[in-house]
Structures are given as C-alpha cells and as structure tokens.
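Asker: Handing you a structure now.
The values are calculated or read from the model by the stated rules, or taken from the named source; none is laboratory data. These numbers come from a predicted model, not from an experiment. Neighbour counts run over all protein chains shown; Cβ positions are idealised from the backbone, glycine included.
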Amino acid sequence: MPDLLASLQTHDLGHLHIIAGFWGLELESRDAASAVEELCASILDLDSVRETVEILPPDSRAALTALIESNGRVEWAIFSRKYGDVREIGTARRDRERPHLKPISAAEVLYYRGLLAKAFFDSEKGAQEFAYIPEDLFEIIQYDQQENSPTEKQEPLGRLATPIEKAHESPSNDFILDDATTYLAALRVGNPPSLNPDLQANLQALLIAAQILNAKNEPQAEAVKKFLEAPRADALNMLYGAWVKSQTFNELRLIPAIICEGEWSNQPQVTREFLMNLLGVIPREKWWSLPAFLRDLKLKFPDFQRPAGDYDSWFIKRASDGQYLRGFAYWDQVDGALVKYVIHMLHRLGKVDLASPEDGKEFTAFRLRGTEYKAQGEGKFAVSSSGKISVSRNFSRAVRYQVARFCEWDEEKNHEYAYHVTAKSLKRANQHGLKAEQLLALLVKYTNSAVPPTLVKALKTWDADGIQARVETHTVLRVAKPEIIEEMRKSKAGKFLGESLSPAAVIIKSGAEAKVIEALTELGLFTDFEIK
C-alpha cells in the first residue's frame, strides 16, 4: 500500500490544513509539497497516533478496526456499504460548507484525519478501488494495538433468547450414528435407504469427510468396522472432528433451499472455522436468539464467507422457483441460511440444542451444550419364530449393520429397527458372500441362545437345501371334462399350458390367458374369465 507521504500528495493545501487541525497541528509550510512532508513528520509518531485514534467516534473506530483486521485495506464498494461514503466536492465548496465539521459517515471522519485513503489496486477481478490505511501509519496503529492496548474479550453476537423464541425445545441427540449405520448397510445390500434425499446427501458428505466412504461413495471396510464398533460417544466425536476439519464437506452446496451452479468455489473449512469461533464465545447452557445472532453477524461480518465481498460471481438460485440469488439483497437466503445449516449440523452432532416458538416451526434459538451428549438407556435385541428381528436404537450398531444385510427392512417405530428374514433376503445375502449360518450365529450370540427352534431349523435347512417352499400366483384353467384339456394340449394353444394340477385343471402360462380363451372358443366353449 502507498505510505502516508504518497497518499497525501494528491491533496491541496486546504485539505492538508484540515487534517493538521484534527491532529492538533499548525502547519508553517506555504505550499502543498512542503506541507505534506511537515504533516508526515508530525503524524507518524506513536503518541500522536494513539491520541487521535482514542478520541475517534465509536462508529469510526469500528471502521478503522475493520480495515486493520483486513490487513489495512478493503474494497471500496464493501467498505462504503457498511461505513458510508466520502462526498466528492471541489475545494471552493469544501471551504464554504466545511464538510469535515459535519461528516455524513464514519468513512468521512477517517478521511479528513488522513487515516483513510482511496486508490486502485490489482485484484483477482482486475483493478479495483480500495479503502486503505497508508502503509507506515498502518504499521504504527497496528503496533500500538498489539503491544500497548489491552486485549478486550470478544463480545458474543446477538442476545439471550426470549421466552417465545425458546418455547419448544428440541434437545440434541446422537441419532446421526443410527442414520449412518442404516445408510452404510443400504450401500452394502443395494437397498434404497429409508432416508430423505437431503439427509442422505448430508450423510454421504459427512462419511466421505470421515473417510468411512471414499470419493466414489464406496464403504471402506476397516473404517466402517472401526466406526460401527466404537462406543457411541467416540463415534459421535469421530464424525464431529472430521466435519470441523473437512475441506470437502461444503455446507453451502448442501442447503436444500438453494442450488449452486457453475465452476466457482468457496472455502467451507475457513468459513466454518470463522463461524465456530463466533459461536465459541456465546455462554454455554444459555438459550441464545438466532435472529439476533444473524442480525449482528450481518451487521458486523456480512462478508464472512465471500472473498472480497463478492455477491455476484457465485451462481446460486432458489430451488423453489429457479430465481437467481445474486447481490447483497439475498444475504438472508444464502449467507444466513448457511449459518443456520452450520448450527443445525452442530445439533445433529450432539453439540447444540435447538428451540422454536412451537412444534414444527423453524428453530429460533439455540443452546451450546456444556457437557458431551451421552446416550440414554440400554439396547435390546429380539427374534420371533416368524423370522422377525427387532433391534433397539442403543443396541450395537455393528450387530444391526450385519443383521440388516441378511433381512428385508420394515418401518422403524418407537426407536426400534425392524427386520424380517425371507428367502429373497437370504438369496441376496448369498450373492454378497453371506451365508445363513452366519446370521444364525449372530442371533444365537445376541439372544443368549434364545432363537426360536423353528427359525433355527429354517436357517439350517436353507444353507443345506435352499428354498423348500414357494408361494406363487398363477391363472388356473378348470374344465368340466378332462378330455377338453387333452384336446387343448393337441391344439396350437398347447404351448400356453403349463403344469397339470389335476385331470381337469391346468396352469396357464403367464400372459397367455387371451390365447387360451381364443382356443377354447374355437373348440366351441365359452370361458367364464375376465381379462384385466
């Protein structure tokens, strides 16, 4: 960045006298060039800088701090949107109206003290106008803040939640572990998982981040085993740690209400870390207002995920109607929605409780847990003689994962996962290299040998002989006299007849009903049958 001398050289003598006045100086120089050198010699002094900065109005102090935190410079469009503009007026009007005595913005206060300058610099988007602090002045201010000013504790954004905002509480849980188990089992057996698409996308991204799945969404055997066998608290922390550090888990592209298009990229891990730091100073075990947190974030750090405050180059549209959400006007629907997604992820990972005005409404308050989430209750495992298996949520996830690979899946009810063994499910398991005896061993082990004898017999028979009984649906032709079937077999319709069930009954091959009826009509027989 240009130094103070270079930054002041564009100003006339009158402007330099205005700056000097705010620093308590009387310029003796009679020309602008000499006045600039005289002014720099006096301003670039630690005590002078400290005194001038300390008496700045609060909003101007905040604007200066924002510049310091951005390494001394910010795009002018972004800076002026938040801290106001600097009026462009000629010298005659300036001397007549004296705008420095009635500044319209925090930016103008800094400008007339020489603490703020404007210039064009090269950027990723080409030449852009920036607000900046002159380089040597910036170094003094930065040194003073780092070495001589006491560090103030960061105040949390927002406020405590109101009774209405926190009326209906939704405590955090570790059910994400069970959803992950269901999803992993589904991938192994080829069953469509009983999860909604948004949850499935979230789980897939999270399990890839934890390297339990590879980038092609394929389970990694050792990682799956380690995850499923870990105690619930350890497994939850495993997912949490992977999410916090992940460069691939991109919350912005997982928000259901928006669709991200194009080749642009964002920095999910950097953004996540920034938000986690802001959340980290909020008092634990206190209900906090989400609307107030978002309001203060939008006010103080609106560009938290936008490089150089760019609200135009990201192609994001609303899923409901395809409307493109470009520009700062859509901050709530994009950036605000991202914050909500991050907080909701913390809820799913057992770190944050949520609350809403009433059941079913969007959450309006959150509470950071002071202790780790711990699962409640003991798991149960039950088997019936009809081949139905019930596994409660808190039972071993590794066992449920194995059982699920042998069975058909029924609907989950009251935190109980329900399965049943069928010939179809055993056949599918066999195609994946699994044998019925392995399922039997699981059932014996986890029911303490209380497997119903009929189910034991069925599983052993399956491994030995396969299917022993079959239920099928067929269309049966029944006639008054056996001679009719004999005559039918000799006709051109004979190829449509299957197995004889009796002298006067025969199975009609699937889809051949119309042909058989036609042949019977040709034999002079009408048939009591309606083809649907």
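Asker: Going residue by residue through the stretch 110-132, is there one that turns out to be free of Cβ contacts under 8 Å to residues at least 24 places away in the same chain, in a helix (DSSP H, G or I) and either assigned by TED's automatic domain parsing to the domain that holds T10 or charged (D, E, K, R) (or both)?
Answerer: no
Asker: Which pairs turn up if I take residues in the stretch 52-67 that are among the polar types (S, T, N, Q) and look for partners that are in a helix (DSSP H, G or I) with beta carbon separation below 6 Å, at least 6 apart in sequence or on another chain?
Answerer: Correct list of pairs: S60/A106; S60/V109; S60/L110.
Asker: Looking only at the stretch 7-21, count how many residues are surrounded by 16 or more Cβ atoms within 10 Å (Cβ to Cβ) and touching a residue at least 60 places away in the same chain (Cβ under 8 Å).
Answerer: 5
Asker: When you look at R113, is it basic (K, R), surrounded by fewer than 18 Cβ atoms within 10 Å (Cβ to Cβ) and modelled with pLDDT of 90 or more, yes or no?
Answerer: Taking the combined requirement at face value, the residue does not satisfy it.
Asker: Restricting attention to the stretch 363-415, and to residues there that are touching a helix residue (DSSP H, G or I) at 6+ places or on another chain (Cβ under 7 Å) and of a type in the set (D, E), which single residue is surrounded by the fewest Cβ atoms within 10 Å (Cβ to Cβ)?
Answerer: E372
Asker: Which residues, counting only those in the stretch 487-520, are assigned to a strand (DSSP E or B) and surrounded by 15 or more Cβ atoms within 10 Å (Cβ to Cβ)?
Answerer: L497, G498, V506, I507, I508
Asker: For the stretch 47-77, what are the residues that are part of a helix (DSSP H, G or I) and closer than 12 Å to Y132 by Cα?
Answerer: A63, L64, T65, A66, L67, I68, E69, W76
Asker: Sticking with this one: Spot the failing condition for Q247; the list is (1) assigned to a loop (DSSP other than H, G, I, E, B); (2) in contact with a strand residue (DSSP E or B) (Cβ under 9 Å, 6 or more places away or on another chain), and only one is missed.
Answerer: Unmet for Q247, out of (1) assigned to a loop (DSSP other than H, G, I, E, B); (2) in contact with a strand residue (DSSP E or B) (Cβ under 9 Å, 6 or more places away or on another chain): (2).
Asker: Taking the condition out of contact with any Pro (no Cβ under 7 Å at 6 or more places or on another chain), surrounded by 13 or more Cβ atoms within 10 Å (Cβ to Cβ), not in a helix (DSSP H, G or I) and not assigned by TED's automatic domain parsing to the domain that holds D296, does S29 pass?
Answerer: Answer is yes for this residue.
Asker: Quick one: I104 ticks every box in (1) loosely packed, with under 13 Cβ neighbours inside 10 Å; (2) touching a residue at least 40 places away in the same chain (Cβ under 8 Å) except a single one, so which number is it?
Answerer: The number of the failed condition is (2).
Asker: Scan the stretch 300-334 residue by residue and report those that are on the phi < 0 side of the Ramachandran plot, in a loop (DSSP other than H, G, I, E, B) and touching an Asp or Glu at 6+ places or on another chain (Cβ under 8 Å).
Answerer: P302, F304, Q305, R306, R326
Asker: Suppose we keep only residues that are among the polar types (S, T, N, Q) and farther than 11 Å from A107 by Cβ within the stretch 60-76. Which one would you say is surrounded by the fewest Cβ atoms within 10 Å (Cβ to Cβ)?
Answerer: Per the criteria, the residue is N71.
Asker: Restricting attention to the stretch 336-344, does a residue exist that is in contact with a strand residue (DSSP E or B) (Cβ under 7 Å, 6 or more places away or on another chain) and over 23 Å from L203 (Cα atoms)?
Answerer: No; the residues of the stretch 336-344 include none that is in contact with a strand residue (DSSP E or B) (Cβ under 7 Å, 6 or more places away or on another chain) and over 23 Å from L203 (Cα atoms).
Asker: Mind counting the residues in the stretch 210-226 that are in contact with a helix residue (DSSP H, G or I) (Cβ under 7 Å, 6 or more places away or on another chain), more than 17 Å from R405 (Cα to Cα) and part of a helix (DSSP H, G or I)?
Answerer: Counting residues in the stretch 210-226 that are in contact with a helix residue (DSSP H, G or I) (Cβ under 7 Å, 6 or more places away or on another chain), more than 17 Å from R405 (Cα to Cα) and part of a helix (DSSP H, G or I) gives 0.
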